Amino acid sequence: MPSIPSKDQFPSMHPIVRRLCDGLADRDLPLLTPPESQFASGIVSFACGNPAQIAGGLVQQGVVVWGGDDRIRISVHLYNDMADIERCLTALEKVEIPKLDCNRESVWSSRR
């Protein structure tokens, strides 16, 4: 059985995940993903109202995300590059994103 590579074997993902997180923060979208690099993964989420409509608007622009449970989840994989992240961030500027009155701690506590 092949071994599962550790996240340290794919340092090329770190800059694109960081750019995505920074771009979402620049747009005042409430990150649900911990911003600290030691918690970095390819899953990046932000809180929003009407996530299904947002996801649909992004899909129409060729950006596939998951929308539900008051959040959008963006999954970055090894085949993604910085151009994909920029395309996602540009697409986000073209959809209306209803804000939730929350912070990361309140969103997480409401899910428990």
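The values are calculated or read from the model by the stated rules, or taken from the named source; none is laboratory data. Every value quoted in this text rests on a predicted model; they were computed, and no experiment measured them. Heads up, the Cβs are rebuilt from the backbone with ideal geometry, glycines too, and the neighbour counts pull from every protein chain shown.
Values for this structure:
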read-out: Residue check, Q53 of a type in the set (S, T, N, Q), modelled with pLDDT of 95 or more, out of contact with any Gly (no Cβ under 7 Å at 6 or more places or on another chain) and part of a helix (DSSP H, G or I); value: yes
read-out: Residue that is farthest from V17 (Cα to Cα) [pool: residues in segment 56-102 that are out of contact with any Ser or Thr (no Cβ under 6 Å at 6 or more places or on another chain) and in a strand (DSSP E or B)]; value: G68
read-out: Test: residue in segment 39-51 that is among the β-branched types (V, I, T) and without any contact (Cβ under 8 Å) to a residue 24 or more places away in the chain; value: no
read-out: Qualifying position, being surrounded by fewer than 10 Cβ atoms within 10 Å (Cβ to Cβ), at pLDDT 80 or above and under 20 Å from E86 (Cβ atoms), among D28, D22; value: D28
read-out: Neighbours by Cβ (under 6 Å, 6+ apart or cross-chain): first from segment 67-86, among the hydroxyl-bearing types (S, T, Y); second part of a loop (DSSP other than H, G, I, E, B); value: S75/G42
